[in-house]
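Heads up: the structure comes next, in structure tokens.
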């Protein structure tokens, strides 16, 4: 009789441990660094090159190649006439 009580009690403890493990919330932490890099590209005569794409650039940070995740093109107005 004593042995069966111990076995039942042991089984109940295992079930309680299993439930407490299932109730724990899984949490993941992540971080990212976003760097904005502005460039002004001209030809040898100083004329802006306006048809550049992300694929025209290779980016390195401290000697390590990085992926360019986003690319925006902004064309400035010609201010020479002012």
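Every number here is computed from the coordinates shown, using simple stated rules; none is lab data. Since the structure is predicted, the reported quantities are computational estimates derived from the model, not experimental observations. When we count neighbours, we look across all protein chains shown, and the Cβ atoms used for this are built from the backbone with ideal geometry, even at glycine.
Evaluate E = 1/(1 + (r/R0)^6) for residue 47 and residue 69, where r is the Cβ-Cβ distance and R0 equals 22 Å; express this FRET efficiency to the nearest 0.05.
The value I calculate is 0.15.
Stretch residue 55-residue 37 to full length: gain in nm at 0.36 nm per residue minus the Cα-Cα span?
Difference between extended and current length: 5.0 nm.
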